Structure formats: C-alpha cells, structure tokens
Amino acid sequence: MITIGMLIFDDAEELDFVGPWEVFAGLYSTTGEGRVVTISERGGVLRCAKGLRVTADHSFADAPALDVVLVPGGQGTRREVSNPALIDWLRKVGAQCRWVTSVCTGALLLHEAGFAKGKRVTTHWAFVEQ
C-alpha cells in the first residue's frame with residue numbers, strides 16, 4: 001500500500017495540494033491500494049492562501065511513513081523556507097520517500113531542503129531565478 005503525504009501550511013495555495021490530492025485519492029484510496037494524508041507542522045486547522053480552512057490529518061510528530069511527499073506552493077512558501085522545523089522534517093522524510101515533488105513555489109522548499117540542488121527544476125516564472 002502506498003502512502004502519499006500532502007504537506008500543508010498556512011497560506012499554501014489550495015489548488016496546489018487539493019488538485020493533486022483529488023487525483024491521488026482517485027487513483028489509490030478508492031481502490032484500497034493506498035491512502036492520501038495531509039500533514040502540517042502542528043496538525044490542526046490551517047488557513048490557505050484564498051481562505052480555505054483545512055484540518056491536517058497529522059502533525060510532523062505523528063505522521064505515517066510516506067512513499068511520496070508533495071509540497072504545494074503559495075504565499076506561505078516565502079515564510080516556510082526559513083522554518084527550520086519544516087525544512088528539517090522535509091529533509092528527513094523526503095530521504096525515505098520514493099518520490100519527493102512540489103507544485104509551483106513549493107520548489108523553493110525542496111531547494112532549501114536539498115532535494116532540488118544540482119537538478120533542473122522549474123517554478124512560478126517570478127521565482128525562477130530565486
């Protein structure tokens with residue numbers, strides 16, 4: 001069984017994790033071949049970029065082992081790139097995953113955690129140089 005974790009944080013772009021969540025849930029959850037979970041630093045309710053409130057399934061402390069971790073973009077990435085708890089968790093968890101991926105400016109967090117260094121990646125046009 002595959003476990004896919006969607007990292008979420010305040011000001012994450014809704015489409016960046018809800019869209020992939022829907023696709024992965026459709027592929028794996030409905031067949032019983034896997035599950036999709038949301039994970040945030042402390043668990044609980046978060047407010048996304050456009051105001052959607054989401055309750056994380058897990059905190060960093062109680063998150064299950066993951067096969068895939070997806071990092072969304074959004075305004076929150078600008079703050080979270082300097083969050084050592086998030087970056088350290090991503091670095092640790094991502095090292096155990098088969099796939100580590102991001103959407104849009106989530107690439108900034110992957111870069112900070114070391115996963116994008118030395119690789120050709122892309123992001124929102126306004127952040128390519130960064």
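The values are calculated or read from the model by the stated rules, or taken from the named source; none is laboratory data. Predicted, not measured: the structure shown is a model, and the values here were computed from it. With ideal geometry, Cβ positions are generated from the backbone for all residues, glycine too; neighbour counts draw on all protein chains shown. SASA here: full protein model, heavy atoms, side chains in, ligands and nucleic acids out. Shrake-Rupley method; radii C 1.70, N 1.55, O 1.52, S 1.80 Å.
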(request) Being open to solvent by less than 70 Å² (accessible area, probe 1.4 Å), in contact with a Ser or Thr (Cβ under 9 Å, 6 or more places away or on another chain) and of a type in the set (A, V, I, L, M) narrows it down to one of Val68, Val93, so name that one. (result) Val68
(message) Quick test for you: out of Val100, Val71, Val81, Val45, pick the one residue that is closer than 25 Å to Val121 by Cα and out of contact with any Asp or Glu (no Cβ under 9 Å at 6 or more places or on another chain).
(response) Val100
(request) Search the stretch 34-46 for residues being touching a helix residue (DSSP H, G or I) at 6+ places or on another chain (Cβ under 8 Å) and of a type in the set (D, E, K, R), and hand back the single one that is nearest to Arg79 (Cα to Cα). (result) Glu41
(request) Using the structure shown, decide if Val18 is within 26 Å of Pro84 (Cβ to Cβ), open to solvent by 10 Å² or more (accessible area, probe 1.4 Å) and either at pLDDT 95 or above or basic (Lys, Arg) (or both). (result) no
(request) Please find, among Ala49, Ala65, the residue that is within 19 Å of Ala113 (Cβ to Cβ) and among the aliphatic types (A, V, I, L, M). (result) Ala65
(request) Test Arg78 against the stated conditions and say whether it is open to solvent by 80 Å² or more (accessible area, probe 1.4 Å) and either touching a helix residue (DSSP H, G or I) at 6+ places or on another chain (Cβ under 7 Å) or over 20 Å from Ser102 (Cβ atoms) (or both). (result) no
(request) Sort out which residues of the stretch 22-52 are among the β-branched types (Val, Ile, Thr) and over 17 Å from Leu86 (Cα atoms), and write them in order of number. (result) Val23, Thr30, Thr31, Val36
(request) Take the stretch 24-48 and flag every residue that is closer than 15 Å to Ser102 by Cβ and open to solvent by 30 Å² or more (accessible area, probe 1.4 Å). (result) Phe24
